[in-house]
Amino acid sequence: MTTSNALPRILIVDDERNMCELIETDLRLRGIQSRWCTSSAAAIEMLHQLDFDVVLTDIRMPATTGLQLCQQLTQLRPDIPVIVMTAFGTLETAIVAMRSGAYDFITKPIEMDLLSITLMRAVAHRRLTQQVKLLEASTDKSDAFGELLGQSDVMRRLYDQLQQVAQTDAAVLINGESGTGKELVARSIHARSRRSLKPFVAINCAALTDTLLESELFGHVKGAFTDAKGERRGLFLEADGGTLLLDEIGDMPMSMQVKLLRALEERKVRAVGSDKETSFDVRVLTATHRDLETAVAENRFREDLYYRINVIGIELPPLRSRGTDILRLAENFQKQFAANENKPITGLADGVAEKLLSYSWPGNVRELRNVVERAVALTRYDKITVEDLPEKIRNFRSGTVFIGGLDPTELVSMEEIERRYIAHVLEAVNGNQTQAARILSLDRKTLYRKTKHQAD
C-alpha cells in the first residue's frame, strides 16, 4: 500500500508512444514517478505487478478503449482513481467517462500544469480513502483510552502518560484549549486508579460566585445564609475516597483560592456557618484552558496553590494537530447520532473527509461533535454529504498566512516582523504564554520581556 510520504506513482496509458514519453518526462521534473504502456491489456498486466496511485489513460485507443479500461479497473482495482484524456472534449464524452468510473477528465492538447494539479488531487483522494478504510478496519485497543478516542502519535503519547498518572495519587493539572476533552481525561484517570469504585465528582469553578462555590465545595449548615434551609455536605465529602475535578480552576476567585489551598494542605474542610472541621480523602484533579504560569506572574493566581495542584501537568493536544483522528471521531459521532435519530446513515460521502481534515477546528472536539450532530439531523441521504456541513467548513481555505497582515511587498524591520509573529503565535494559542514560548523556542521570561516591551 502506498504511504502518505511516498512519491506519487502514475501509470500512463496511451497508444501514442511519444505522448507517453512527453508526459513521463514532465512528471519526472515535477517529482512524480510514472510508468507507461501503449495498450489497456499491458496496463492491466502492470497493475497486477505494481501499485499505482492513479491511472492516466487516453480514451481513443485500438482494441480496448480507455473507457473500457476504466470499467475494468472499477471491478479489478476500485481503489485506484482513473483520469481520462481525450482530444474530443465534449460534455457527452465527459459524462460517459464519469459513468464508466473515471475520477476526472482532461482534454488534449494537455496543459501540463493543469494535469499535474489534477493528478495530485487524485493521489490525495486515493491516499485519504486508504486512511479512512484503515480507520474503519482498525480494532487495535491502543487507539482508545476510556472515552478518549484516537490513534495519532500525540494521542498515543497521551495514553501512555495517563496510564502512568492513574497509578499514582498525585495532584494533576490538565491544560488544554476549550473543547479538547479535559473532563474525559479526568474521568479516564479516575477509572484506572485505585479509587475507581468510589465517586467521581466534577464542578466548573467558572460557573459560580465565590460564595456559592465555597458552599458547593465545603458544604453549609442550616441557616448559614438566607437560602440555607437545610444542612448540605460539600463536594469534597461527596467525593470522599474518590476523585474531585475542579474544572476551569484558572477562573476561581482569589478569595476562594486561599480557602482551597488551606483545605488541600490540611486535608480538612469546614462547612459554611460551622466551626467544625471534617477530614476528607480525595484525589484532586484540576483543569483549565488558561495559562496559569502567566496568571501567577501577573498576580491573578496564587503561586503556592499553583504548585500544590500542578504536581503532574498534562497538556491536551488541539484537534487540528491530531490528523486523521478527526475522521475517526466524526465516524464515531455519526454512529451515535444516527442511532439516536433512528436514521440509516452509513458514513461520510466523497469530499466530506477532505473538508473535515482541512478545517482548523477552533472549538476542537466539542465543535466537531456539534457539526456531526447537525449533519446527521439535516442529511436526506444514507451518508453525510458536503452540503450537510456548515458553510464555514464547506468554504474554509487553508493557505499561506502573512504574519500580522504583512503583505509580501511590504518592507519592514526585523524587529517589526518579530513583533508581529509573536502576536500571531499568541493569538493562535489563545494567549497561553507557556505554549507560545515553546513554539517560539524562547524561555518564558524572555517572551514576557518581549511582549511587555512591545506593549510599552
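The values are calculated or read from the model by the stated rules, or taken from the named source; none is laboratory data. Computed from a predicted structure; not experimentally measured. With ideal geometry, Cβ positions are generated from the backbone for all residues, glycine too; neighbour counts draw on all protein chains shown.
Worth pointing out:
- The numbered conditions (1) β-branched (Val, Ile, Thr); (2) within 30 Å of LEU246 (Cβ to Cβ); (3) touching a residue at least 24 places away in the same chain (Cβ under 8 Å) are all true for VAL296 except (3).
- Any chance CYS70 is surrounded by 16 or more Cβ atoms within 10 Å (Cβ to Cβ), touching a residue at least 12 places away in the same chain (Cβ under 8 Å) and touching a Gly at 6+ places or on another chain (Cβ under 9 Å): yes
- Residue selected from segment 334-345 under the condition within 20 Å of the chain's Cα centre (by Cα) and within 18 Å of GLU387 (Cβ to Cβ), by the criterion surrounded by the fewest Cβ atoms within 10 Å (Cβ to Cβ): PHE337
- Segments classed as helices (runs of 4 or more DSSP H), wholly inside segment 346-456, with at least 3 members that are loosely packed, with under 12 Cβ neighbours inside 10 Å and either modelled with pLDDT under 90 or not basic (Lys, Arg) (or both): 414-428, 444-455
- Selected residue (criterion: surrounded by the most Cβ atoms within 10 Å (Cβ to Cβ)) from residues of segment 242-285 that are touching a Phe, Trp or Tyr at 6+ places or on another chain (Cβ under 9 Å) and within 20 Å of LEU197 (Cα to Cα): LEU245
- So ASN340, is it of a type outside the set (D, E, K, R) and not in a helix (DSSP H, G or I): no
- The single condition among (1) in contact (Cβ under 8 Å) with a residue 40 or more places away in the chain; (2) within 17 Å of LEU115 (Cβ to Cβ); (3) of a type outside the set (Lys, Arg) that ALA97 does not satisfy is (1).
- So ASN310, is it surrounded by fewer than 21 Cβ atoms within 10 Å (Cβ to Cβ) and in the same structural domain as VAL376 (by TED's automatic domain parsing): no
- Test: ARG156 is outside the structural domain of ARG328 (by TED's automatic domain parsing), surrounded by 16 or more Cβ atoms within 10 Å (Cβ to Cβ) and at pLDDT 85 or above: no
- Helices (runs of 4 or more DSSP H) contained entirely in segment 194-308, each with at least 1 residues that are out of contact with any strand residue (DSSP E or B) (no Cβ under 8 Å at 6 or more places or on another chain): 210-218, 254-266, 292-297
- Note on segment 4-78: enclosed helices (runs of 4 or more DSSP H) holding 3 or more residues that are of a type outside the set (S, T, N, Q) and modelled with pLDDT of 90 or more are 17-29, 40-49.
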